[in-house]
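Here the structure is laid out as structure tokens; the discussion comes afterwards.
Every read-out reported here was derived from the displayed coordinates using simple, explicitly stated rules and does not represent laboratory data. In this text, all values refer to a predicted model and were calculated from it rather than measured experimentally. We place every Cβ from the backbone using ideal geometry, glycine too, and count neighbours over all the protein chains shown.
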Amino acid sequence: MLPDSKSADLADRCREEVEHFLLGSKIESTYCYDLFRMACVRGDQEAWKEVYSIFSFLARRWVSKNSLYQASSESMDSLVNQAFFTFSRYVTPERFSKFPTLGSLLAYLRRCTSTAVVDAWRRVHFPGAGRFRLATHQLLRRDQL
């Protein structure tokens, strides 16, 4: 991590990295990765706000390109929020090391986004299926056998 970095400073530099990337430049994603680390490992709420502010446009793009989105009846904001919530619940301080690059973090955020859309679609087209899946999961957990 960069020494004595504050979330606002990292966010400004991360935005610059993202701008360069969108313009087609090859970048090192040091600042963006450290912003994610500050959010996920330190639990810094300001860093989480910045991560959401910077990367929610990607989640929105992924939602809009998902073929199930229109049939899900969920709002874009709701699906993006669900994706970030799922991401934050899984990428804990203990698990952060499983994501060695910004690309790996964004790939997981994309997976969370896809899952949010699919789950919303299932709630519309298969109401009650989630309750069955949860009940089955609870029955089959090893620690309860």
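Counting other Cβ atoms within 10 Å of each Cβ, which GluC sites (Glu not before Pro) in segment 32-115 have at most 14 and sit in a DSSP loop? Let's see the in-between values first.
Values: sites: 46, 50, 74, 94; in loops: 74, 94.
Passing both the DSSP loop test and the Cβ count: 94.
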Task: segment 75-109: trypsin sites (Lys or Arg not before Pro) falling in loop per DSSP and having at most 16 other Cβ within 10 Å - done: 95
Task: Cα→Cβ-extended label distance, 7 Å offset, between residue 107 and residue 30, nm - done: 2.4
Open item on the list: At 7 Å along Cα-to-Cβ for each site, give me the label-to-label distance between residue 46 and residue 124 in nm.
Closed with: 4.0
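Quick one: if the Förster radius is 41 Å, what FRET efficiency do residue 77 and residue 98 give, using the C-beta to C-beta distance and rounding to 0.05?
On the way: r = 28 Å, r/R0 = 0.69.
Rounded to the nearest 0.05, the efficiency is 0.90.
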Open item on the list: Run the reach check for residue 49 against lysines, Cα to Cα strictly under 16 Å, same-chain hits fewer than 8 apart removed. What comes back?
Closed with: 6
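Among 14, 112, which comes first, then next, by fewest other beta-carbon atoms within 10 Å?
Working: 14 25, 112 22.
Starting with the residue having the fewest Cβ neighbours, the order is 112, 14.
Calculated FRET efficiency, residue 12 and residue 115, Cβ-Cβ r, R0 30 Å, to nearest 0.05? Display every interim value, and only then the final one.
Working: r = 31 Å, r/R0 = 1.03.
Result of the calculation: an efficiency of 0.45.
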Open item on the list: For segment 11-42 and segment 90-117, what is the centre-to-centre distance using only Cα atoms, to the nearest Å?
Closed with: 15
